[in-house]
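Visitor: There's a structure below that I have some questions on.
Values quoted throughout were computed directly from the atomic coordinates according to the rules given, and no laboratory measurement underlies them. This is a predicted model, so every value here is computed, not measured. When we count neighbours, we look across all protein chains shown, and the Cβ atoms used for this are built from the backbone with ideal geometry, even at glycine.
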Amino acid sequence: MARIGLNMILFKHANDLALYLDKQRKSGLTIGFVPTMGALHEGHLSLVKQALATADIAVVSIFVNPTQFNDPADFEKYPVSTGQDIQLLEQAGTPILFLPAVSEIYPQGTDRINNYDIGRLETLLEGSFRPGHFQGVCQVVERLLRIVEPDVLVMGQKDYQQCMVISRLLQLMGWQERTRLLLGPTLREADGLAMSSRNRRLNPEERRQSTAIYQLLSGINKDIRPGNLQALKQHSSAWLVNKGFRVDYVEIASAADLSPVEDWDGKTPLVALVAAFLNQVRLIDNMLLDKTIR
Ligand code: PAF
């Protein structure tokens with residue numbers, strides 16, 4: 001444990017953090033937790049604010065989890081900016097930072113022992129394009145949850161499917177009553193691009209192109225009508241390809257369980273989701289379609 005600046009305490013060891021938090025809990029304080037992989041931006045900081053607003057103390061973890069990268073090149077290129085992250089967290093008033101080494105999170109090594117039954121989330125959308133990704137996410141989040149034992153877990157809605165996976169993980173752990181999952185809204189740049197650590201990897205030309213995703217989602221939100229959605233999905237995907245993307249998926253799905261919707265009754269709440277590459281950088285985004293929510 002080390003004190004950084006005036007306000008933040010840094011922990012590198014799981015046992016030290018767990019002991020410290022145990023003391024806080026016994027003195028009646030509630031704990032909010034924001035797990036991250038670093039390369040922090042305003043979106044993360046808004047989650048920290050949410051944690052501080054709903055619990056007495058907030059813990060932020062920074063750990064680039066090797067077991068959730070299905071593509072080794074993506075892992076190697078994942079942006080790391082720990083010094084800057086620490087400054088941002090300190091400015092945001094984060095009391096506790098957990099910055100573990102791989103051996104601290106995976107003392108037995110990084111092989112997977114558990115298999116998490118996350119049902120169709122395993123094979124839909126991100127699950128289908130990033131095999132094993134959500135198993136790795138569950139593995140690390142379970143480990144972090146067991147160290148931090150938070151009252152409130154705050155996660156960003158930009159990773160819509162991941163939020164569902166974590167809700168299922170809490171169920172599998174029997175922790176639905178113990179830890180409340182709060183979702184933070186997606187923060188966007190002025191031109192609509194969803195904030196993401198991966199945006200740092202975009203070159204100026206790609207950064208200009210990237211706004212097409214938000215334009216597309218807004219267009220779907222505007223144009224969607226009850227009935228068959230096949231043409232809208234196909235047209236949307238082709239539009240992105242035309243803008244220079246390699247598209248993994250453009251999907252319009254039930255907001256409740258992500259099952260793809262082919263014929264829309266005009267009532268089922270929907271979410272539109274996109275995953276697409278600009279050269280080497282894979283971007284994801286989503287939008288709840290508000291016509292369905294009215
Ligand atoms: O969303 C992320 O940054 C990661 O998937 C998470 C939840 C921190 C687990 O490594």
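Visitor: Of the DSSP beta bridges with both residues in the range 1-83, give the percent that are antiparallel, rounding to the nearest 5.
Guide: Values: 3 of 9 bridges.
Of the beta bridges lying entirely in the range 1-83, close to 35 percent run antiparallel.
Visitor: What nm value, rounded to one decimal, do you get for the distance between residue 228 and residue 178 when each label is placed 7 Å out toward the C-beta?
Guide: 5.0 nm
Visitor: If you average the alpha carbon positions of the range 1-65 and of the range 240-294, how far apart do those two centres end up, in angstrom?
Guide: 33 Å
Visitor: Can you list the HN-Hα couplings for the range 161-170, worked out from phi with the Karplus curve (6.51, -1.76, 1.60; θ = phi - 60°), rounded to whole Hz and with x for Gly and Pro?
Guide: 5, 4, 4, 5, 4, 5, 4, 5, 4, 4
Visitor: On to the next question. I need the Kirkwood Rh of the range 127-169: take the reciprocal of the average 1/r across all distinct C-alpha pairs and report it in angstrom.
Guide: Working: mean 1/r = 0.0904 Å⁻¹.
Final number for the Kirkwood radius of the range 127-169 is 11.1 Å.
Visitor: Normalised by the empirical 2.2 N^0.38 Å for globular proteins, what value does the Cα Rg of the range 77-136 take?
Guide: Working: Rg = 16.2 Å, N = 60, 2.2 N^0.38 = 10.4 Å.
In units of the 2.2 N^0.38 Å rule of thumb, it is 1.56.
Visitor: I'd like the orientation of helix 133-148 relative to the chain: the angle between its Cα long axis and the longest Cα principal axis, in ° from 0 to 90, rounded to 10.
Guide: 30 degrees
Visitor: Nothing charged except the Cβ atoms of Lys and Arg (+1) and of Asp and Glu (-1): what's the magnitude of the dipole of the range 182-223 about its Cα centre? Round to the nearest 20 debye.
Guide: On the way: 7 positive and 5 negative charges, 32 e Å.
For the range 182-223, the charge dipole is close to 160 debye.
Visitor: With charges only on Cβ, +1 for K and R and -1 for D and E, what is the dipole size of the range 9-99 about its Cα centre, in debye, rounded to 20? Write out the running numbers ahead of the final one.
Guide: Working: 6 positive and 9 negative charges, 73 e Å.
For this selection, approximately 360 debye.
Visitor: Report the antiparallel proportion of the DSSP beta bridges in the chain as a percent, rounded to a multiple of 5. All intermediate terms of the calculation are to be shown ahead of the outcome.
Guide: Values: 23 of 42 bridges.
Within the chain, antiparallel bridges account for around 55 percent of the total.
Visitor: In which sequence would 250, 241, 281 go, from the one with the fewest C-beta neighbours within 10 Å to the one with the most?
Guide: In increasing order of surrounding Cβ atoms, one gets 241, 281, 250.
Visitor: Once you list every other residue whose beta carbon is under 13 Å from the beta carbon of residue 29, what net charge do they have if Lys and Arg are +1 and Asp and Glu are -1? Don't skip to the answer; put the middle values down first.
Guide: Working: positive: 23, 25, 26; negative: 22, 56, 149, 151.
Its environment carries a net charge of -1.
Visitor: How big is the antiparallel share of DSSP beta bridges in the range 20-155, given as a percent to the nearest 5? Each step should come with its number before you reach the end.
Guide: Numbers: 0 of 11 bridges.
In the range 20-155, approximately 0 percent of DSSP beta bridges are antiparallel ones.
Visitor: Sort 47, 273 by Cβ crowding within 10 Å, fewest neighbours at the top. List each step's numbers first, then the result.
Guide: Details: 47 29, 273 22.
Final ranking by Cβ density, sparse to dense: 273, 47.
Visitor: Cα to Cα, under 18 Å, and not fewer than 8 places away if on the same chain: which lysines meet these conditions relative to residue 26?
Guide: Counting by Cα, and skipping residues close in sequence, residue 26 has no lysines nearby.
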